[in-house]
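Undergrad: One structure follows; several queries about it will come next.
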Amino acid sequence: MSGSKENVVVGFDPDGRMELIHVGEQPGHGAAVDFRRVTLRGVSSQPLVRACGERGRLLDTTAGLGGDSWILAAAGFSVTAIERSSLVCQVLRNGVDRAKSDSRLNAIASRIEVRQENAVDVLQANSDSWATIYLDPMYPPKLGSALAPKPIRLVRDAVGDDIDSLNLFLAAVAAQWNRIVVKRPHHAEPLCAEPDIVFKSKLVRYDVYVREGSSLRTIRAKAKS
Ligand SMILES: C[S@@+](CC[C@H](N)C(=O)[O-])C[C@H]1O[C@@H](n2cnc3c(N)ncnc32)[C@H](O)[C@@H]1O
C-alpha cells in the first residue's frame, strides 16, 4: 500500500498483479494493467496513432494506466510515459515490468520508459526534443453520460480532475517538438487554441498542433520572449 485518495489504494489481485482498488473491495475487483488483453490488430490505422504522426520519441505527459502509451509503443514510438500520481504510477510500472518479462510483449514494453514525475517539470527542464508530445488530461464526465468503465473511475477517484491541464499544455508549447496531440471528448472545447488538424474516433477526438502550423505561432512567440 502507498497511501490513498478518495478511498483508492494499491493492492494485489489473486494473480499477483498490482491493482488500484477501492478500500474494502475484494482483491481482483480493482484495475490492474495487463497488456496481454490489448488487441493490436490494425494499430497503425487507429486515430490516436495517425494523430501522433511520424514515429520517433514521444512524451506521454499523462500516462495513467498506460493504455495509450502501449498502443503508441506497439505502433513503433519510443515512449516516455510520465505519471504524477504515485498510486497510478506504481500500478502502471508493475504492468510494464510484467510485460517486459513476457517474451511475447517484451519488444513493445522495452519501448516504454515509465517515470513518476510532474510532466510540467519534465517539459520545463527542456533537455530533450520530442517528435510528439501527447496530452490526455482527465476531463469531467458529461452530465447524464453512461457510467465510465471501472479503470477510468478508479483513476479518477485516485487523481481527481486535472484542473491544471492548461498549464501542462503551455509547458508543452514552450518545449521542443514536431507536434502536440491533445485527446478531448467530442463535447469539449480545444484546450487552448484551435488545432491545425483533428482526428476523430467514435468516443474522442485528437487535436493536433504541428510545428509548421499557424495555430500556436503567437503562443510560441510569447513563450520564447
Ligand atoms: C485521463 S488519465 C490518462 C489515461 C491514459 N491516456 C491511458 O491511456 O490510460 C490522466 C492521467 O494524467 C495524469 N496527469 C495529469 N496531469 C499530469 C502532469 N502534469 N504530469 C504527470 N501526470 C499527469 C493524471 O494523474 C492521470 O493519471
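The values are calculated or read from the model by the stated rules, or taken from the named source; none is laboratory data. Only a predicted model underlies this, so the values are computations on that prediction, with no experimental measurement involved. Ideal geometry is used to build each Cβ from the backbone, glycine not excepted, and the neighbour counts take in all protein chains shown.
Undergrad: Please determine whether any residue of the range 84-92 is in contact (Cβ under 8 Å) with a residue 60 or more places away in the chain and more than 11 Å from the ligand (Cβ to nearest atom).
TA: There is at least one residue in the range 84-92 that is in contact (Cβ under 8 Å) with a residue 60 or more places away in the chain and more than 11 Å from the ligand (Cβ to nearest atom).
Undergrad: Kindly establish whether I112 is surrounded by 13 or more Cβ atoms within 10 Å (Cβ to Cβ), away from the ligand (no atom under 11 Å from the Cβ), more than 18 Å from G67 (Cβ to Cβ) and within 15 Å of the chain's Cα centre (by Cα).
TA: So I112 does not fit the description; no.
Undergrad: Okay, next question. Consider only pairs whose beta carbons are under 6 Å apart and that are at least six residues apart or on different chains; among these, list those whose first residue lies in the range 201-225 and is at pLDDT below 95 and whose second residue is surrounded by 12 or more Cβ atoms within 10 Å (Cβ to Cβ) and among the aromatic types (F, W, Y).
TA: S215/Y209; L216/Y209
Undergrad: Here's another thing I want to ask about it. Enumerate the strands (runs of 3 or more DSSP E) found wholly within the range 166-225, keeping only those where 1 or more residues are within 15 Å of M138 (Cα to Cα).
TA: 176-185, 204-210
Undergrad: So which residues in the range 55-83 are in a loop (DSSP other than H, G, I, E, B), touching a strand residue (DSSP E or B) at 6+ places or on another chain (Cβ under 8 Å) and surrounded by 20 or more Cβ atoms within 10 Å (Cβ to Cβ), if there are any at all?
TA: T61, T62, A63, G64, L65, G66, F77
Undergrad: Select, from Y139, Y206, the only residue that is within 14 Å of the chain's Cα centre (by Cα), hydroxyl-bearing (S, T, Y) and within 11 Å of the ligand (Cβ to nearest atom). Lay out the reasoning, then the answer.
TA: On the way: Y206 fails: within 11 Å of the ligand (Cβ to nearest atom).
Being within 14 Å of the chain's Cα centre (by Cα), hydroxyl-bearing (S, T, Y) and within 11 Å of the ligand (Cβ to nearest atom) holds for just one of Y139, Y206, which is Y139.
Undergrad: Which one of these is surrounded by fewer than 21 Cβ atoms within 10 Å (Cβ to Cβ) and more than 17 Å from the chain's Cα centre (by Cα): I197, I163?
TA: Matching residue, one of I197, I163: I197.
Undergrad: Going by the conditions given, is V181 within 19 Å of G56 (Cα to Cα) and not basic (K, R)?
TA: yes
Undergrad: Taking only the range 1-21 into account, find how many residues are modelled with pLDDT of 95 or more and in a strand (DSSP E or B).
TA: 9
Undergrad: Turning to a different aspect of this structure: For the condition surrounded by fewer than 16 Cβ atoms within 10 Å (Cβ to Cβ), assigned to a helix (DSSP H, G or I) and either in contact with a strand residue (DSSP E or B) (Cβ under 7 Å, 6 or more places away or on another chain) or free of Cβ contacts under 8 Å to residues at least 24 places away in the same chain (or both), what is the one hit in A107, A158?
TA: One residue alone meets the criteria, A107.
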